[in-house]
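See structure below.
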Amino acid sequence: MNDKKNNIILEEYEDEFSYKKSKTNLNIEFNRIAFIFFVFLIISIIYSIQLLHLGSVKKKVSNIKPLIIKKNYRADIVDRNGNYLVKTVSSIDIGINPIEVIDKKKLLINLKLIFPNKDYIKISKKLEKNKYFYLEKKITADNYEKIMMLGDKSIKSEEKLTRIYPQKNLFSHIIGQIDDDNKGISGLEKSFDKKLKKIKEPLKLTVDTDIQFLIREELIKFHSIFRSKGSTAILMNVNNGDIISMVSYPDFDLNKRETVNDVNFINRATKGVYELGSVFKTFTVAAGLEEGLIKTDTEFLNLEKRLKCGKNIISEYDKKIPSDLTVEQILIRSGNIGSVRIGQKLEIEKLKLFLEKIGVLSKIDFDIEEVGEPIPFRWGKCKLATVSFGHGITTTPLQLAKGYAIITNGGFEIKPSLVQKKLEDNQKQKRIIKKGVSKQINEILRKIVTTKEGTAGFANIRGFEVGGKTGTAEKAIVGGYTRKAKVNTFASIFPTSKPKYVMVVLLDEPKTSKDYIYKYKNKIGSYKGTPFNTAGWTSVEVAGKIIEKIGPILATKYIEN
Amino acid sequence: MRKVIFATIIILILATSLVKNSTKELEDKIFMVNENIRPLKSELGDVLLEFNYLSSPDKLTKYQSQYFEKDLIKIDITKIKKLTKKNNHINVSDFIEKTKDE
């Protein structure tokens, strides 16, 4: 115990006399305080930095998040040159909630001052029903101010979006319509409904307003000349499937927001399913060339004038057609029996496979939902014969254009599109038809337009190297076909030396014209009146006039395409 | 050594806060500019819509028939010429080369 006490005394003694140690203890305390302050300083600086830039951090996070679908937002739609086809503008609808009306008489008097032309007997009845109703949709700024100045609680304003279509009817079938709840109900408005509500930038299409206008003008002009039920024209880039123009006539003004129930207003280009006739012969020949079963100079000798298959009799349209024809001549002269013989050489499987490959047999996957489905049929010997020359088989004009694009562009697969694709999508090209087939087909198509025997002389427009095939088909009725109603089609490509464009012109039930004056393209002179209701005298003339008008624009405007 | 490390850390923190502050100012300016652009963009959209409507092919054709006596004519592509400048000389050639069958 004594030892312990002594030790303590010694320590106390040491503390008292060691000045240095005492100073160190004070320093430790001072450093601790300084350290704590320092830590607080760092924390406060870091916090202040975060505090100052909290907004920017939040902003970055919100950029990563997917865009929220706004109820009152819908992106605009522009053409390939950036011209507005659809523009969203906000509008205000005025409604009245009768339950909240204090003085009905006073309200009616006030409303009459602002809207003197309204039927106030009806409005009065609506007020009695105690059910919310719209008084004025898309109210003007002046009237909005006046009605709000009334300060009546029963008057409700609702902000809504309105779609403005500056090109009126021009793109009615392509764009389609929306309902009052900002929901697309047809055309691109329907198929791109979600995207249009999300994207910030306008949706850019492949169509050209000027070209579309010129084509539509020609269709309208010839609609009255040939008194057709309707007509359609598709202009597409053969190399990437971009649709530059797609017109279906009759059309409607989107700004009127009418409900269109008349079947005649359907989009004939995509929804119309037709038996297109001889335009299919090109596919039969292309399939034969693809399979290596025929060459363009392969001869078919002693061709019959008539063939009987079951109940059907297959005969030539042109009675002067020779009995000995090469493959090239069969296509140029549009020989039915010759096409049947090529089809028989091919057999069912090969022809079917080829038609499937170019996409004319099944429903097309397209940017708009209004697409028709080719009528399915059972293949057999007689079906093979009729399909070879384009009868008993149906498809849409859009699919016909796609088929022609593939067989003339070097055999590359394309997907028709109305919306501009990314550059890399355009570059992915897959060859589905052998190299060399296109060149042979294109040469024959050119001869159909340039030679005397060809059926499409009226499309020989100088400077554009137009090639194409005509198709005249009688419409199917119960129990057979009618000669009174025809579908005249011309599928053309230009320039044939290096095709850029495919154009399909279809006239639905055209009639002959007594007064129309045709100007020959392959010889001097003109002809008054339509002698035959065939594609050569109707659709080809329309296509020729269209190419004459749009050709210089295409050649100069899209020089680098 | 310690003092140097502490001093460096403090300087770095202060420098970061200063840089961040200046970027914040820039961000504010950018935000203001963006906010000012928004109504201008909307105005531009409306003006463009008006322009697209007034200069649409349909309107132009109507104006043409209303104000001009002569009709619009189709351009013959074979008459379009191509001018190319080579060694200070301008060569004139056909825009479309004629093919054998034309």
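The values are calculated or read from the model by the stated rules, or taken from the named source; none is laboratory data. Just so we're clear, the structure is a prediction, and the values are computed from it rather than from any experiment. Glycine also receives a Cβ, built like all others from the backbone with ideal geometry; neighbour counts cover every protein chain displayed.
Observations
- Some residue of the stretch A:475-495 being crowded, with 24+ Cβ neighbours inside 10 Å, at pLDDT below 95, closer than 26 Å to A:Val273 by Cα and within 14 Å of another protein chain (Cβ to nearest Cβ): yes
- Residue within the stretch A:434-455 that is among the β-branched types (Val, Ile, Thr), buried (at least 24 other Cβ atoms within 10 Å of the Cβ) and assigned to a loop (DSSP other than H, G, I, E, B) present: yes
- Selected residue (criterion: nearest to A:Arg163 (Cα to Cα)) from residues of the stretch B:39-59 that are facing chain A (nearest Cβ under 8 Å) and among the acidic types (Asp, Glu): B:Asp46
- Subset tally (residues that are charged (D, E, K, R) and modelled with pLDDT under 95) for the stretch A:255-274: 4
- For the stretch A:473-555, the strands (runs of 3 or more DSSP E) that sit wholly inside it and include 1 or more residues that are within 31 Å of the chain's Cα centre (by Cα) and assigned by TED's automatic domain parsing to the domain that holds A:Phe222 are A:480-494, A:501-508.
- One residue stands out in the stretch A:90-127 among those that are surrounded by 14 or more Cβ atoms within 10 Å (Cβ to Cβ) and touching a residue at least 60 places away in the same chain (Cβ under 8 Å): the one that is farthest from the other protein chains (Cβ to nearest Cβ), namely A:Ile96.
- Failed criterion for B:Gln64 (all others in (1) farther than 25 Å from A:Asp208 by Cα; (2) surrounded by 11 or more Cβ atoms within 10 Å (Cβ to Cβ) hold): (1)
- B:Lys24 being touching a Leu at 6+ places or on another chain (Cβ under 8 Å) and either without any contact (Cβ under 8 Å) to a residue 24 or more places away in the chain or away from chain A (no Cβ under 11 Å) (or both): yes
- The lone criterion from (1) facing chain A (nearest Cβ under 8 Å); (2) modelled with pLDDT of 90 or more left unmet by B:Phe6 is number (2).
- On inspection, A:Gln420 does not qualify as at pLDDT 95 or above, in the same structural domain as A:Gly292 (by TED's automatic domain parsing) and either closer than 30 Å to A:Asp79 by Cα or not aliphatic (A, V, I, L, M) (or both).
- Residue check for B:Glu69: in a loop (DSSP other than H, G, I, E, B) and more than 30 Å from A:Ala75 (Cβ to Cβ): yes
- Inside the stretch A:210-230, residues that are of a type in the set (D, E, K, R), surrounded by fewer than 22 Cβ atoms within 10 Å (Cβ to Cβ) and within 14 Å of another protein chain (Cβ to nearest Cβ) make up a count of 3.
- Residues being small (Gly, Ala, Ser) and under 19 Å from A:Val279 (Cα atoms) - total across the stretch A:289-342: 5
- Total residues in the stretch B:85-102 satisfying the condition of being modelled with pLDDT of 90 or more and either facing chain A (nearest Cβ under 9 Å) or out of contact with any Leu (no Cβ under 9 Å at 6 or more places or on another chain) (or both): the figure is 1.
- Residue within the stretch B:69-77 that is of a type outside the set (S, T, N, Q) and touching a Phe, Trp or Tyr at 6+ places or on another chain (Cβ under 7 Å) present: yes
- The stretch A:191-220 residues that are farther than 15 Å from A:Ser245 by Cα, paired with ones that are aliphatic (A, V, I, L, M) and surrounded by fewer than 19 Cβ atoms within 10 Å (Cβ to Cβ) (beta carbon under 6 Å, 6 or more apart): A:Leu196/A:Ala75; A:Lys197/A:Ile69; A:Lys198/A:Leu67; A:Ile199/A:Ala75; A:Pro202/A:Ala75; A:Leu203/A:Ala75
- Considering A:Glu356, A:Glu349, the condition of being farther than 30 Å from A:Ile266 by Cβ, outside any loop (DSSP other than H, G, I, E, B) and under 39 Å from the mean Cα position of the chain (by Cα) is satisfied by A:Glu349 alone.
- Hits in the stretch A:194-209 - residues which are surrounded by fewer than 18 Cβ atoms within 10 Å (Cβ to Cβ) and charged (D, E, K, R): A:Lys194, A:Lys195, A:Lys198, A:Lys200, A:Glu201, A:Lys204
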